[in-house]
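First the structure, in the form of structure tokens, and then the observations on it.
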Amino acid sequence: MVVKNICCLGAGYVGGPTCSVIALKCPEIKVTVVDKSKERIAQWNSDKLPIYEPGLDEVVKACRGKNLFFSDDCNAAILEADLIFISVNTPTKTFGNGKGRAPDLKFVEGAARMIADIAQSNKIVVEKSTVPVNAAESIMKILKANQRPGVSYQILSNPEFLAEGTAINDLLNADRVLIGGEESPAGEAAIEELCQIYEHWIPRKKILTTNTWSSELSKLAANAMLAQRISSINSLSAVCEATGADITEVARAVGLDSRIGPKFLQADLFQLTGFGGSCFQKDILNLVYICECLNLPQQAAYWQSVIDMNEHQKHRFTAKVIESLFNTVSGKKIGILGFAFKKNTGDTRESAAIYVAKTLLDEGATISIYDPKVEDAQIYEDLKYVGVSSERIASHVSLFRDAYTATKECHAIVICTEWDEFITLDYEQIYDQMMKPAHIFDGRKILDHNNLLRIGFHVETIGSRL
Ligand code: NAD
Ligand code: UGA
């Protein structure tokens, strides 16, 4: 079989960009991205895509309506597909067995059942969502138990390693593509089909093939090890403050060791407020849960400590903000610059800004928020989700369209996201409009602290004494 039709279940941060790039690079293949959310599909078909990702608009414009389609007709897309990506969400369970740790696989299972119900011809089903080890086996069981006569399935694991904000570049220039499959002639043939799709733009030597379980575990391991680096450097930031060392200098010195490397230790990328994003915490919790289920308590505790250190860091940062403002923020106005979990995305999932805002509101502060890409409705939803009442939002939260009005008459500014535009703001003008003493908390270590001190700001950061 040569794949001519691809269907992707889930038009989210992964399904949308991944399939847009596949469509761009494989003009002879028809790619249909479907979602059960009609609203999301309508946005993909509009001029304002549902997610902000540098370079995505151009790719979608080049292919949409030619060989790239966004549709809510899941049945039709599944029927005609030779290969189906499952790119649905796998959030941490909020109830029942494994609550707060295990991933909720109801959407993956729902997708598998949908395929089994509809498919009338052979399909390669590719698990793109991040799942626990052995999930492919569960998908296969569901498909086999509901198989129509004459229909056969191959399940592949093909985890996605893109990071938000750089998704298009990550997809076009992937460090590696990982494909896991069954160790049988049929499994190998399916792996080969998927390899051929990626080979349109990824050199063969960067396409790694493994057994299914290695592929599934490698995804969790990669995220756990990336997050571990951040927790390690954040733990050292406390040691820096206590000793007079500077975390920027330490990270540089450590990162220049080629065995360690500078990435994910970069001073200008530090999230001193703790790492955020939809996946690091979720995927480490997933790994912790797997270790616990396998009766490996030491291993579970080891990975749990990465999350614990991150929680501690978030707490440490907000505690520092409150302490520096004379131990009370009640009645004070505080400007939060940045609400997304990192720059170049409008995604706020697990953003440290939510925690900072909630804590400050609980302490009685009034907050003004500005983020260049996050929608107002998203900010309100996030605050409500963590328990801030509608009344408190109405009376204590204001959203702004620029950093200057957001910081007017504030007692303090907290930088929560490293947007480039925050680096070049006119801080003299901002200072003049603020209450005095004017404080600035640089949660990302992106600003010129000497300049801010010269202007008159009280500058606070983490990881060094100022
Ligand atoms: P998302 O929430 O943005 O998108 C998932 C979409 O799937 C939603 O729009 C939802 O409506 C849809 N969906 C759910 N069930 C469906 C079904 N049966 N049929 C059709 N559509 C269905 O999630 P995401 O951020 O794209 O993540 C998807 C998966 O990829 C997760 O497992 C995640 O861990 C993994 N991942 C995410 C990233 C990232 O940067 N966001 C990177 C690598 C891997
Ligand atoms: C991360 C991984 O980098 C991707 O490889 C992976 O595919 C993805 O998770 C996933 O599985 O969802 P993402 O969360 O989009 O990607 O973004 P990152 O750049 O990894 O940033 C995550 C968090 O760590 C952000 O809050 C960021 O500010 C923080 N971070 C990153 C730091 O604090 N310091 C760093 O040096 C780098």
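Read-outs throughout are calculated quantities, based only on the coordinates presented, and are distinct from any laboratory measurement. Predicted model only: the values in this text are computed from it and were never measured. Don't worry about glycine lacking a Cβ; one is built from the backbone with ideal geometry, like all the others, and counts go over all protein chains shown.
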Revision key, fill the gap. Per-residue Cβ contact counts at 10 Å, fewest first, order S278, S398, S351 as S398, S278, S351
Check your understanding: So what's the back-of-envelope 222 nm ellipticity for the chain, counting only DSSP H runs of four-plus at -39500 (n - 2.57) apiece and dividing by all residues, rounded to 500?
Key -> -13500 deg cm²/dmol
Point to revise | Radius of gyration, Dmax [the chain; alpha carbons; angstrom] | key: 23.6, 77
Check your understanding: Ranking E183, E193, E80, E216 by Cβ neighbours within 10 Å, fewest first, what do you get?
Key -> E183, E80, E193, E216
**Study point:** log10 of Debye I(q)/I(0), alpha-carbon scatterers only, for the range 32-150 at 0.09, 0.13, 0.21, 0.22 Å⁻¹
**Key:** -0.30, -0.62, -1.22, -1.26
Exercise for review: Please pull out the direction-averaged projected area of the range 284-440, using the convex hull of its alpha-carbon atoms, in nm² to one decimal place.
Suggested key: 10.2 nm²
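Of K36/K384; K38/K373; K61/K141; K373/K445; K66/K141; K36/K219, which sit over 31 Å apart, Cα to Cα?
Table pairs above 31 Å Cα-Cα are K61/K141; K66/K141.
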Point to revise | Compactness of the range 241-352 as Cα Rg over 2.2 N^0.38 Å, two decimals | key: 1.29
Check your understanding: On full extension of the chain, what length is gained from E183 through R148, given 0.36 nm per residue of separation minus the C-alpha to C-alpha distance?
Key -> 10.2 nm
Review point. Under a plain spin-label model, where a point goes 7 Å from the Cα along Cα-to-Cβ, how far apart in nm are N45 and A163?
Key: 3.5 nm
Check your understanding: By counting other Cβ atoms within 10 Å of each Cβ, how are D72, D47, D362 ranked from fewest to most?
Key -> D47, D362, D72
Exercise for review: Sort out for me the Cα centre separation of the range 1-67 from the range 192-262, rounded to whole Å.
Suggested key: 28 Å
Study note, to complete from the structure: At R0 = 60 Å the Cβ-Cβ FRET efficiency linking C293 and E28, nearest 0.05, sits at 0.85
Exercise for review: Would you mind getting me the FRET efficiency between D73 and H200? Use the beta-carbon distance for r and R0 = 35 Å, nearest 0.05.
Suggested key: 0.85
Revision key, fill the gap. To the nearest 20 debye, the range 186-256 has a Cα-centred charge dipole, built from +1 on Lys and Arg Cβ and -1 on Asp and Glu Cβ, of 140 debye
**Study point:** Where only C-alpha atoms are counted, convex hull volume of the range 380-439 per residue in Å³
**Key:** 107 Å³
Point to revise | For the range 242-357, size of Cβ-based charge dipole, Lys and Arg +1, Asp and Glu -1, in debye | key: 360 debye
